[in-house]
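**Student:** Handing you a structure now.
Nothing in this text is a laboratory measurement; each read-out follows from the coordinates by a stated rule. Since the structure is predicted, the reported quantities are computational estimates derived from the model, not experimental observations. All Cβ positions, glycine included, derive from the backbone under ideal geometry; neighbour counts span all protein chains shown.
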Amino acid sequence: MVATCQTPTASRFVNTIITASTSGTLSVWDYTEKEVLEDMERSRNWQETEIRDISMIQANGKFVSAHGQHAVLWSVKNMKIIDVLSCDDDILKVSFAADERHLIISTKKGVICWDTLCLLVVWRIQQRVGIHVGYTGCYALDGPQVMKFDAESGRVLETVQFSTPVEELIVVEKRQNAIVYVAKTAKGILCNRPRKIKQSGKSNGAVTDLKTPFSQLARQNSTTTTPKSTSSSGDQQFVRQPRPEAARLFAGPVYQLPPISFIAPLFIEKSLLPPPVRS
């Protein structure tokens, strides 16, 4: 596992790399145009435990490693532990939201939001869903539904419906307010281009029922009437059969994703196919 600092703001840690072995060793590397050097003094191993996942390095030098049921918050500057959160459940994935403050933790039984500034759990959802966190926002994958939610409050901002359960997701922002959802499913790689993207403001009120956002949407299915804020366009299969080059889009961390010039031919291939026969 590899973590880098990809913050849009200036940071002294942009030339720092964290590597994590599954056996539990965290190593810090500093790189320049000429060389990459490992800082042996900052190598760490938290309680000799296996590492499940690591987050990206934030502009302030914080990052998180996941060990079983514990999330460990580190300072990469001196590799000292800031805090340890017990999730009471096996952790699957840890990702920082775009605000670089709220950590989204996906576990086997739910989702947790940890405020790494105040060191408090903001909300917890007792429902197992897949999670995708990127620069375009935070997304929960619940069967064929993709739900974009606010990191701080857990409030669902919009939903997108696919024709089959989504296993993994990539969200691409083509231009301002134009989002393309690319999903890995049992049917292959599907693409969903919502006709309407509704921007929601930041929630001012407290979340009264922390289980409501995900639980309510989980009861909906593809035949349920969607609210006005829900994107209503259907998905399109732009790769008819799973191909190795398409599957590799989901193989690594987000910072290893290929450029759009690699992804574009997959869309072009779809556009060159004959139009579907309409009855």
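**Student:** Using a 10 Å cut-off on Cβ atoms, rank the peptides 146-156, 124-134 from the highest mean neighbour count down.
**Tutor:** The most tightly packed comes first, giving 146-156, 124-134.
**Student:** To the nearest 0.05, how large is the calculated FRET efficiency for residue 35 and residue 135 if R₀ is 41 Å and r is the Cβ-Cβ distance?
**Tutor:** About 0.90, to the nearest 0.05.
**Student:** Residue separation times 0.36 nm, minus the C-alpha to C-alpha distance between residue 50 and residue 15: what's the value?
**Tutor:** 10.0 nm
**Student:** Scaled to the compact-protein estimate 2.2 N^0.38 Å, what is the alpha-carbon radius of gyration of segment 1-126, rounded to two decimal places?
**Tutor:** In units of the 2.2 N^0.38 Å rule of thumb, it is 1.02.
**Student:** Set the Förster radius R0 to 22 Å, insert the Cβ-Cβ distance between residue 6 and residue 178 as r into 1/(1 + (r/R0)^6), and round the FRET efficiency to 0.05.
**Tutor:** After rounding to 0.05, the efficiency reads 0.50.
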